[in-house]
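Each remark here refers to the structure printed beneath this line.
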Amino acid sequence: MKQIKKRILDLNLPANSFRDDMNVAVEVKGSHRVHSTHARGLKALLEEHAVKRAVIVSLENQPRKPDSLIEILPWQFFLEALWSGELGV
């Protein structure tokens, strides 16, 4: 969590700018294959906040769900879900 708070401070956002309830948490990776180490920041966020949907957007070819908490979506699928309203934002 310290790393997330540090990043928040680096972005000049107040540390309390995250609400306790979030519809969607999104992390973007420029990788063709997302590994568990890529999700550390998102998993830390999930430990601290109630998030309805956690998504990693990447360069992968197919969507997948490596565990019960996080989805990995190719950027094209993510944009389609975003534009259609499927993400709930």
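The values are calculated or read from the model by the stated rules, or taken from the named source; none is laboratory data. In this text the structure is predicted, and so the values were computed from the model without any measurement. We place every Cβ from the backbone using ideal geometry, glycine too, and count neighbours over all the protein chains shown.
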> Quick check: is even one residue across segment 40-48 touching a strand residue (DSSP E or B) at 6+ places or on another chain (Cβ under 8 Å), within 13 Å of PHE78 (Cβ to Cβ) and of a type outside the set (D, E, K, R)?
Replying inline: no
> Within segment 65-78, can you find the residues that are under 14 Å from the mean Cα position of the chain (by Cα) and surrounded by 13 or more Cβ atoms within 10 Å (Cβ to Cβ)?
Replying inline: PRO66, LEU69, ILE70, GLU71, ILE72, LEU73, PRO74, TRP75, PHE78
>> Suppose we filter segment 79-89 for residues that are in contact with a strand residue (DSSP E or B) (Cβ under 8 Å, 6 or more places away or on another chain) and surrounded by 14 or more Cβ atoms within 10 Å (Cβ to Cβ); how many remain?
In response: 2
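I'd like the full set of residues that are part of a loop (DSSP other than H, G, I, E, B), surrounded by 10 or more Cβ atoms within 10 Å (Cβ to Cβ) and at pLDDT below 90, limited to segment 16-57.
If the condition is that a residue be part of a loop (DSSP other than H, G, I, E, B), surrounded by 10 or more Cβ atoms within 10 Å (Cβ to Cβ) and at pLDDT below 90, then PHE18, HIS49 are the ones that fit.
Does GLN3 fit the bill of being at pLDDT 95 or above and either touching a Ser or Thr at 6+ places or on another chain (Cβ under 8 Å) or not β-branched (Val, Ile, Thr) (or both)? Write out each step before concluding.
On the way: at pLDDT 95 or above: no; either touching a Ser or Thr at 6+ places or on another chain (Cβ under 8 Å) or not β-branched (Val, Ile, Thr) (or both): yes.
It is false that GLN3 is at pLDDT 95 or above and either touching a Ser or Thr at 6+ places or on another chain (Cβ under 8 Å) or not β-branched (Val, Ile, Thr) (or both).
Could you count how many residues in segment 19-37 are touching a strand residue (DSSP E or B) at 6+ places or on another chain (Cβ under 7 Å) and farther than 16 Å from LEU87 by Cβ?
4
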